[in-house]
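In what follows, a structure is listed as structure tokens, so that the remarks can point back to it.
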Amino acid sequence: MTSDDELNNTIDDVIEQYILFLRGRGPEPDLSALPPDRRAAVTEQLKIVSSLADSDPELPPIEDDPVAIRLGVTDHGGVTPVGRRLAATSDEDHSATEHPVDTALRELAFRFRHVVDIDFTPAGASQVPTGMRFVALCTALGDAVAVCVADVDMWSQQPEPVAAFFRHHPNVSAVGLVSEDAERAVVLAAADAAHSIDPVRGWLAPHNPMAPEPLGIALGRHLDRWLPAWDRITSLDELLNVGDMGRTTLEISSEQIARTLRAKPRLAYKKMALHALNTLDGSAVAAVVDDVQARRLADGDLIDRVTELAKAAAT
């Protein structure tokens, strides 16, 4: 090893000792072993190490973490059930052995944020038929989906266990059967686990045309169909503040008056009405609409203005 290599190794040792010193795990390193012409450069390096070492910001509690709040793991009032589950399973040793079904459900909770609540310790988890393991309950509005680890093909081969699950859990509206690796799953309603009758073929065995899919896809599709798609509705303020509509209002009012005047009534009172309408100026109607848009007319004032228009036309 050359003298330069030895010097570089010594400098590396000094830096490592200095990091331990900053963390309270050793004494401050002695620079006297370094050549005088290198001490100044190493001192500058130690200043950089001092400014960078352990500079990561301290993580806030999960209930105050803005990222956790944005993802729906927690809210300003406390940690949600999903957040409590995440907090309980956040250590590396447990996450390494985490069940794939739990992982898929947490990812689904992140996707739907506050809309879907997942309870990993559902009530009545012990009251399940043989061959099924009740692992979670997903609730959204009035829908409750029980997620059970089981043989995915059991629902078609032996539908009775699934039907029995519905009888033991009347609050459940659907059952998701999922394999241990969360790669094969079907979501079943109560009708899927019961026999049906066909006028021609008679009694039919339970049938679900959907093939097994990964849990996130199968359950996500069910929740997408169940949850309403809220579209933004234009507010009244936006409708009333769309700008000057005087010209458009005048055009529409004049067009409607002209269309009505083209009628050929035979009854006398209808002829009198058309004669009165012929004296009505479209700009007067447009002025009333403009005043309503600008909020210059209250309910009573609007009635008075319309009454004045009717009287003017009638005379």
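For the set I11, I19, I217, solvent exposure ranked by accessible area (probe 1.4 Å, protein chains only) runs largest to smallest as I217, I19, I11.
Taking all protein chains as they are arranged and a probe of 1.4 Å, the heavy atoms of D30 leave approximately 100 Å² accessible to solvent.
Sites listed here are trypsin sites (Lys or Arg not before Pro) in the stretch 136-217 whose DSSP assignment is loop and whose Cβ has at most 10 other Cβ atoms within 10 Å: R201.
Computed extension gain for Q17 through Q158, at 0.36 nm per residue and net of the alpha carbon distance, reaches 44.1 nm.
When L267, L309 are compared by accessible area of protein heavy atoms, the largest-first order is L267, L309, using a 1.4 Å probe. Rolling a 1.4 Å probe over the protein heavy atoms leaves E6 with an accessible area of roughly 100 Å². The slack in the chain from S51 to D37, taken as 0.36 nm per residue of separation less the alpha-carbon distance, amounts to 2.7 nm. Computed over protein heavy atoms with a 1.4 angstrom probe, the accessible surface ordering of D13, D37, largest first, is D37, D13.
Extension gain, D151 to E251: 0.36 nm times the residue separation minus the Cα-Cα distance gives 29.1 nm. The lysines within cross-link reach of K311, meaning a Cα-to-Cα straight distance under 29 Å and a gap of 8 or more places when in the same chain, are K264, K270, K271.
What does the charge dipole of the stretch 106-162 about its Cα centre add up to, to the nearest 20 debye, if the Cβ of each Lys and Arg holds +1 and the Cβ of each Asp and Glu holds -1?
220 debye
Take T103: with every protein chain present and a 1.4 Å probe, its accessible area is about 40 Å².
The values are calculated or read from the model by the stated rules, or taken from the named source; none is laboratory data. In this text the structure is predicted, and so the values were computed from the model without any measurement. In this analysis, Cβ positions are derived from the backbone assuming ideal geometry, glycine residues included, and neighbour counts consider all displayed protein chains. Just the protein is used for accessible areas: all its heavy atoms, side chains included, with ligands, DNA and RNA removed. Shrake-Rupley method; radii C 1.70, N 1.55, O 1.52, S 1.80 Å.
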